[in-house]
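Input: a single structure, listed below in structure tokens.
The values are calculated or read from the model by the stated rules, or taken from the named source; none is laboratory data. Everything quoted here is computed from the prediction, not taken from an experiment. Here Cβ is always computed from backbone atoms with ideal geometry, including for glycine, and neighbour counts include all displayed protein chains. Areas reflect the complete protein model, heavy atoms only, side chains present, ligands, DNA and RNA absent. Shrake-Rupley method; radii C 1.70, N 1.55, O 1.52, S 1.80 Å.
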Amino acid sequence: MIIDLPDTTVSQVGKHLVKVREEGGAVALGRVLTLIISARNGVAEAAIDAANDASREHPMRVIVLTTGEGPSHLDAQIRVGGDAGASEVVVLRAYGAAASNEESLVTGLLLPDAPVVAWWPEEAPIDPAASPLGRIAQRRITDAATTPDVRDRLALLGKTHAPGDTDLAWTRLTHWREQLAAVLDQPPYEPVTAVEVHGAAASPSTALLAAWLRLSLKVPVTWTYENPGHWEAGIKSVRLTRASGDILLERPETSVAVLTQPGQPDHELHLPRRTLRECLAEELRRLDPDVLYGRVITEGWEKLGPPETGE
């Protein structure tokens, strides 16, 4: 069910939410958090779809805020039932002076006594924690992959990092980190002496994986941005050098990886790029600060040298 509320106020939106609950169209008692999505109109629907999918694991209230130029007014839309997954979605489209105070637009619609997560699917504030929406959120989710220069964005994320900040470029690394950790947990337990990481030029995950390995293994890490004509998206390969030989985890294509180890047959692994829904659902599983990400984006990034350029 979709309820359109043109030229309305936040107070009227809140009253309609109460009315919808009283009529049995939605139940707020089972919501575990409030997710605030700040996005422009062009990307808002994709973000809502991802949130609706993730809500099956995390029932929540989703508040979507878009702003624009024009005469001052607020249009709203309430989505419940089949149009909102296991959540209830409130879309706020604010224009002109009505868009000047983002915090006041969402404060009256937050679930009482429930954690708040702020998510910027595309253009994030320079300092998320100090932004109007970031100040009211326990967790703040950005995505460095949507910025033109991923290196500048990662450097800025390190400078402005505050407990509760996270980035989907880090979340996309979960399966890579699991595979590499599992390999090093097996014999012969030799120390790694050098690391090489290769990935696409538009992939901030490549740099974050290199920073994590530099921080965790305390060895030199060489990371290379591949020519887009050779590799377009995501991480291409990781090579770990040990005395007995190299361990290579490499993608010949975007959904499959091959693990090569000394004295063992090659293993083919299912390692596709993670969907937006998967990354969002993982981030919503934990609402405490991600301490490891904080160390990687600050300490690990500072220790990492500049990238090389692939042929």
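Before moving on, here are some points about what is shown:
- Amide hydrogen neighbours beyond the local backbone of residue 236, cut-off 5 Å, H modeled: 198, 199, 200
- Distance between segment 77-114 and segment 136-195 - C-alpha centres, whole angstrom: 30
- Extension gain (nm, one decimal) between residue 267 and residue 243, 0.36 nm per residue minus Cα-Cα: 6.5 nm
- GNM top mover of 178, 250, 123 - the chain, alpha-carbon springs below 10 Å: 178
- Dipole-positive endmost among 44, 100, 255 within the chain (Cβ charges, Cα centre): 100
- Solvent-accessible area per residue in the chain equals 45 Å², computed with a 1.4 angstrom probe and all protein chains kept.
- Approximating the spin labels as points 7 Å out from Cα along Cα→Cβ, the residue 291-to-residue 57 distance works out to 2.3 nm.
- Partner lysines whose Cα lies under 18 Å from the Cα of residue 218, excluding those fewer than 8 positions away in the same chain, are identified as 303.
- Based on Cα contacts under 8 Å between residues 6+ apart, segment 177-237 shows a relative contact order of 42 percent.
- Charged-residue dipole, Cβ positions (Lys, Arg, Asp, Glu), segment 179-256 about Cα centre, Debye nearest 20: 220
- Tensor-based shape of segment 158-310 (alpha-carbon gyration tensor, a/c under 1.5 rounded, otherwise prolate or oblate): rounded
- Share of carbon and sulfur in the accessible heavy-atom surface of the chain [1.4 Å probe, %]: 52
- Under a Gaussian network description of the chain, with springs only between Cα atoms under 10 Å, the residue in 294, 96, 85 that fluctuates furthest is 96.
- Calculated [222 nm] ellipticity per residue, helices only, for the chain: -8000 deg cm²/dmol; basis is -39500 (n - 2.57) per DSSP H run with n ≥ 4, divided by all residues, nearest 500.
- Between residue 40 and residue 127, the modelled labels are 2.5 nm apart [label points 7 Å from Cα along Cα→Cβ].
- Dipole magnitude (debye, nearest 20) for segment 54-213, charges at Cβ of Lys, Arg, Asp, Glu: 160
- Mean separation of Cα contacts under 8 Å (6+ apart) over length of the chain, as relative contact order %: 15
- Listed residues 143, 185, 288, most fluctuating in the chain (Gaussian network, C-alpha, under 10 Å): 185
- Modelled FRET efficiency - R0 35 Å, residue 136 with residue 233, Cβ distances, 0.05 increments: 0.55
- Once the Cα atoms are used to define both axes, helix 150-160 deviates from the longest principal axis of the chain by about 70 degrees.
- When percent of Cα pairs over 34 Å apart is computed from the coordinates, the matching label among (i) 54; (ii) 30; (iii) 38 is (ii).
- For the chain, a simple Cβ point-charge model (Lys and Arg +1, Asp and Glu -1, everything else neutral) yields a dipole of about 600 debye relative to the Cα centre.
- Only one residue of 32, 85, 70 has its Cα farthest out toward the positive end of the dipole of segment 1-100, where Lys and Arg carry +1 and Asp and Glu -1 on Cβ, and that residue is 32.
- Net length gained if the chain between residue 149 and residue 303 were fully extended (0.36 nm per residue, minus Cα distance): 53.5 nm
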